[in-house]
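The values are calculated or read from the model by the stated rules, or taken from the named source; none is laboratory data. Quantities reported herein were computed from a predicted structural model and do not represent experimental measurements. As a convention, Cβ positions derive from the backbone with ideal geometry for all residues, glycine included, and neighbour counts pool all protein chains shown. Side chains included, ligands, DNA and RNA excluded: accessible areas come from the protein's heavy atoms. Shrake-Rupley method; radii C 1.70, N 1.55, O 1.52, S 1.80 Å.
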Amino acid sequence: MSIKNLTNEDIDTLSYDELANLILQENKKQMKIIDIFKKICELKNMTEKDFEDKIADFYDLISTNKEFLVLEKGFCDLRKNHTPDVIIEDEDELDPEEIDEEIIDEDDISDDEEDIFYDNSSNEDDVDTDDDELSDFMVVDEEDETSI
């Protein structure tokens with residue numbers, strides 16, 4: 001369907017997003033949202049006041065309609081013109097020659113590396129149990145809480 005072939009009755013029955021879709025299809029490239037709506041206002045014989053009153057609603061319509069993609073600097077285009085190039089590789093399809101595995105010789109591992117529980121840190125990090133920082137605190141049992 002071409003905009004040039006539309007009658008006034010057709011234009012009146014089409015919604016803003018349908019007209020915007022047709023305008024972008026005919027233009028075959030992205031356009032500024034404001035220019036799209038100006039074209040719609042021309043087609044629907046709307047006044048400048050109508051344009052000013054309804055441009056915000058049109059922007060909301062375009063930004064929430066999944067057929068459109070709002071781009072930088074006020075531009076808009078049809079989402080179908082911007083399909084992402086997604087490449088998903090299946091792990092089963094990987095060539096074994098492409099996989100770079102590091103082979104570790106067990107003779108090269110030291111005794112410290114073999115023991116996963118080996119702690120080579122100093123004793124400075126150990127907790128000092130003689131510290132009386134908590135000596136001023138008192139443990140209150142729930143039963144005794146009402147008497148305090």
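Go through Lys4/Lys66; Lys4/Lys49; Lys29/Lys49; Lys38/Lys73 and tell me which ones have a Cα-Cα distance over 23 Å in this structure.
Details: Lys4/Lys66 25 Å; Lys4/Lys49 25 Å; Lys29/Lys49 28 Å; Lys38/Lys73 17 Å.
Result: Lys4/Lys66; Lys4/Lys49; Lys29/Lys49 exceed 23 Å.
For the pair Ser15/Asn65, report the inter-label distance in nm, with labels modelled 7 Å from Cα in the Cβ direction.
Distance between the two pseudo-spin positions: 0.7 nm.
Just the accessible area for Met138, please: 1.4 Å probe, Å², rounded to the nearest 10?
Probe radius 1.4 Å; accessible area of Met138 about 140 Å².
For Phe68, enumerate residues with amide H under 5 Å from its amide H, sequence gap 5+ or separate chain, H modeled in the peptide plane.
The answer is Arg79.
Can you tally the net charge around Leu69? Count Lys and Arg as +1, Asp and Glu as -1, for every other residue whose Cβ sits under 14 Å from the Cβ of Leu69. Kindly include the intermediate steps, with their values, before the conclusion.
Details: positive: Lys29, Lys32, Lys66, Lys73, Arg79, Lys80; negative: Asp17, Glu67, Glu72, Asp77.
Computed value for this residue: +2.
What is the sum of charges around Tyr59, taking Lys and Arg as +1, Asp and Glu as -1, for the other residues whose C-beta is under 12 Å from the C-beta of Tyr59?
On the way: positive: Lys32, Lys54; negative: Asp17, Asp57, Asp60.
With Lys, Arg at +1 and Asp, Glu at -1, the net is -1.
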